[in-house]
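The values are calculated or read from the model by the stated rules, or taken from the named source; none is laboratory data. Bear in mind the structure is a predicted one, so any value in this text is a computation, not a measurement. Neighbour counts run over all protein chains shown; Cβ positions are idealised from the backbone, glycine included. Heavy atoms of the whole protein, side chains included, go into the accessibility calculation; ligands, DNA and RNA do not. Shrake-Rupley method; radii C 1.70, N 1.55, O 1.52, S 1.80 Å.
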Amino acid sequence: MAPLPRVDIDQPKYDQSTYVGRAKHFFLVTNPLNVLASNKKLEEARQIVLKYRAGKEVPECETIEDVWKAKYLYDSAFHPETGEKQIIIGRMSAQMPMNTLITGGMMAFYQSTRAVVFWQWFNQTFNAIVNYTNRSGASPVSKSQLLTSYCLATSGALATALSLNRAVKMMNPLVGRLVPLVAVAAGNCINIPCMRMQEIRNGIVLLDEKNTEMGVSRKAACLGISAVILSRISMAIPGMTMTPVLMNVLEKRGFLAKYPNWNAPIQTLFCGFVLIFATPMGCAFFKQRAAIKVASLETKVRENIQKKRPDLDTVWYNKGL
């Protein structure tokens, strides 16, 4: 068998300088079918990636496409920097099925105070796991920090949802159906920065074009975390705006009055359909390997990099997901 061609599998298969290329990349990374892969299959993919990186023969793969399949399966379950196997529900491939359940529940039962409390708690518990699992690098997160982040995000989302529910009671039903989206956005704005507070305090690693560590920047951490917040909110917007419109139409036409038991299933299934596309497309809004100009970094960081590499004008960092 002819040796496999050598490509840099640590760079995504598709051009990450374009939105379409990033969307194609994340469609593979967030593929919900990857959640079903067994530990044995994941270990096989990991071994293929490690052997190919080391320049060794990979008898398990007949073509370079087989290597790419293993790489994307590996990427769906292992942290890109630490190589640590991620908690299954914290993986990006679990985003679509988990968010389908959570979003469907929030949208279907938004009028009940008990249901609002339960689903916002459930959502923030899930978010805390995802944010911890997909943090940038090996940043340590203490138990107290985890608990603080979790409590702040949950209370923030609950306060937003409950207060808005009271405020919109006399308004158009469509407005009430949009309350869960505002609560989700508020929770993300609290949960993600709290969960990644160590990065904000200490900074994240900056790399050159050859992945050599050049320094640590708090500014890059703040930019990366801001991008993640916007990406997460953008993932939620399509399902949590299109679903209320659909349900409002069905309500006006009397469908829900005739078939009330179809309320939750329709919303959940429709959210799931939208999330298949919204999850990778939301992730693709920003590059995961983000660039920042050396000249725009903190003074001390910039000076240290210029001493090491006076010719270097751009560095890169992993913004997380």
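Apolar share of the accessible surface for the stretch 244-304: 66 percent from carbon plus sulfur atoms, 1.4 Å probe. Computed with a 1.4 Å probe over protein heavy atoms only, the accessible area of residue 64 comes to about 40 Å².
Dividing the mean sequence gap of close Cα pairs (under 8 Å, 6+ apart) by how many residues the chain holds gives a relative contact order of 20 percent.
Inter-label distance, residue 68 to residue 33: 1.6 nm, where each label sits 7 Å from its Cα along the C-beta direction. Spin-label pair residue 89-residue 230: with each label point 7 Å from Cα along the Cα-Cβ axis, the two points sit 3.0 nm from one another.
Taken as Cα centroids, the stretch 13-83 and the stretch 112-130 sit 32 Å apart, rounded to the nearest whole angstrom. Surface analysis of the chain yields an accessible area of 50 Å² per residue, using protein heavy atoms and a 1.4 Å probe.
Mean projected area of the convex hull spanned by the Cα atoms of the stretch 226-285, taken over all viewing directions: 4.0 nm².
Scanning residues 5 or more positions from residue 206 or on other chains, those with amide H under 5 Å from its amide H are 214, 215, 216, 217, with H placed 1.01 Å from N in the peptide plane. Summing charges over all other residues whose Cβ lies under 12 Å from the Cβ of residue 45, with Lys and Arg as +1 and Asp and Glu as -1, gives +2. Checking the a/c ratio against 1.5 first, then a/b against b/c, what shape does the Cα gyration tensor give for the stretch 186-265? Prolate, because a/c is 1.5 or more and a/b exceeds b/c. Comparing 30, 133, 299 in a Gaussian network model of the chain, where Cα atoms under 10 Å apart are tied by springs, the biggest mean-square fluctuation is seen for 299. Per atom type, the stretch 19-85 shows carbon and sulfur on 55% of its accessible surface, probed at 1.4 Å.
Counting only trypsin sites (Lys or Arg not before Pro) that DSSP places in a loop and that have at most 11 other Cβ atoms within 10 Å, the longest clean stretch of the chain runs over 57-168.
Other residues with beta-carbon under 14 Å from the beta-carbon of residue 250 carry, at +1 per Lys or Arg and -1 per Asp or Glu, a net charge of +3. Annotation for residue 251 and residue 10: the two label points, set 7 Å from Cα along the Cα-Cβ direction, are 5.3 nm apart. Each residue of the stretch 1-104 gets 110 Å³ once the volume of the Cα convex hull is shared out per residue. Computed from backbone phi with θ = phi - 60° and the Karplus coefficients 6.51, -1.76 and 1.60, the 3J(HN,Hα) list for the stretch 276-291 is 4, 9, 5, 5, x, 6, x, 4, 7, 4, 10, 5, 6, 8, 8, 9 Hz; x is used for glycine and proline.
Cross-link pairs exceeding 31 Å in C-alpha to C-alpha distance, out of 85/308; 71/300; 71/319; 41/293; 56/307, comprise 85/308; 71/300; 41/293; 56/307. Rounded to the nearest whole Hz, the Karplus-based 3J(HN,Hα) values (6.51 cos²θ - 1.76 cosθ + 1.60, θ = phi - 60°) of the stretch 61-72 follow the sequence 10, 8, 10, 5, 5, 5, 5, 5, 4, 5, 5, 6, with x at glycine and proline.
Among all stretches of the chain without exposed GluC sites (Glu not before Pro) (DSSP loop, at most 12 other Cβ atoms within 10 Å), which one is longest? It runs 85-208.
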